[in-house]
1. Rg over Rh of segment 151-273, using C-alpha atoms and the Kirkwood radius, what does it come to?
2. What percentage of all Cα-Cα pairs in segment 60-207 are separated by more than 28 Å?
3. Quick one: compute a quarter of the convex hull surface over the Cα atoms of segment 103-161 and quote it in nm².
4. Given (i) 20.7; (ii) 18.6; (iii) 16.7 as candidate values of mean projected area of the Cα convex hull in nm², which corresponds to the one derived from the coordinates?
5. Counting other beta carbons within 10 Å of each Cβ, put 279, 270 in order, fewest first.
6. Take the alpha-carbon centre of segment 186-242, take the same for segment 101-161, and report the distance between them in whole Å.
7. Give me 178, 69, 51 sorted ascending by neighbouring Cβ count inside 10 Å, so fewest comes first.
C-alpha cells in the first residue's frame with residue numbers, strides 16, 4: 001500500500017495536554033482547563049527532516065574548498081521543531097508530518113518512536129527530506145536541502161484527524177512552495193472551525209513561493225510570522241511599518257516579525273510594539289524561528305495574550321540557540 005493513514009482516535013494517550021501548568025509555570029492542575037484544551041489543540045503540519053550538521057570556519061565561495069567538522073545527524077524540520085517547543089511546554093498538540101520510505105525515513109521513525117509520538121501519516125512514495133546544515137562560528141546556519149515526501153501532500157492524509165479538535169494550525173513556507181501540495185493543504189484547512197487560526201511561518205523559502213499562493217495565505221485569521229528579510233516578499237511597501245500594516249489589513253490577525261537580538265515586533269489592532277528578547281550565548285541558530293513559533297502557539301493555546309505568547313516564544317528560542325539540537 002502506498003499510503004497508510006493511522007486514525008488519531010486509535011492513538012489515545014499520545015497527545016500532550018496542559019502539563020505546562022505543572023512543569024513550566026508551576027501552576028495548579030485544573031481538569032476544566034485540560035478538558036477545554038482538548039478541543040483547542042494545535043495541529044502542526046509540515047515535515048520531519050534529517051539535518052546533517054557540520055561546523056565550518058566560513059562559508060566557501062564558488063570554487064573554494066573548506067574543511068568541515070561533522071557534528072551529528074539530527075531529526076528536525078520546521079514542524080518537528082515547532083512541536084518540540086509545544087511538547088516542551090506541555091501544550092496540547094499533534095504532529096502531522098508524513099513519514100516515507102528510505103534511509104532517512106527510518107531515522108525519523110526511530111526518533112518519533114523514542115519520543116512516543118504517533119506516526120499519523122505513512123506514505124511509501126518517497127523518502128523523507130534531508131539537508132546539509134553548515135554552521136559558522138557565529139552560530140549562523142546555511143542549508144542545502146533535498147526535498148522528500150513532505151512535498152507530496154495528499155487529501156487522504158487528512159482522513160486521520162478531526163479538524164474540529166484544533167483551534168490553531170501551523171503551516172510553514174517550506175510546505176507551500178509547491179503549488180499542487182499547497183492547494184491540497186489549503187483546500188482541507190477550509191474545513192477547520194470558524195474560530196480557528198493559522199500561523200503561517202514564511203521560512204527562508206518565501207522568495208520562491210508564487211504570489212498566487214501568498215495571496216491565498218494572506219487572509220483573515222492567518223497570523224504571519226517572519227523575519228525582516230522575509231517580510232519584503234509579503235509586501236511591496238517601502239518601510240517595515242507600512243509592510244506590517246498592509247499585511248494586517250488583509251489578515252486582521254497579529255503580524256510578528258522577529259528582529260534577532262532586538263526581540264519581536266508585533267502589529268495588530270493595538271498598533272506596533274516590540275517584545276524584548278533575552279540575550280544569551282549562541283551555539284547555533286538551528287530551529288530558533290521554529291521554536292519561537294512553537295512558543296507563540298503554546299502561549300495562545302493556553303489562553304495567553306499575543307504579547308505574553310510572543311514573550312514565551314522569545315524565551316524558548318533563547319533556550320534552543322544555546323544547544324546543538326534545533327529542537328527542545
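1. Over the Cα atoms of segment 151-273, Rg/Rh equals 0.97.
2. 24 percent
3. It is 5.5 nm².
4. Comparing each candidate, only (iii) matches the computed number.
5. If I rank by nearby Cβ atoms, fewest first, I get 279, 270.
6. 23 Å
7. Arranged by neighbour count, lowest to highest, 178, 69, 51 become 69, 178, 51.
Here, each number is a calculation from the coordinates, and none is a lab measurement. Remember, it's a predicted structure, so these values are computed and weren't measured experimentally. Heads up, the Cβs are rebuilt from the backbone with ideal geometry, glycines too, and the neighbour counts pull from every protein chain shown.
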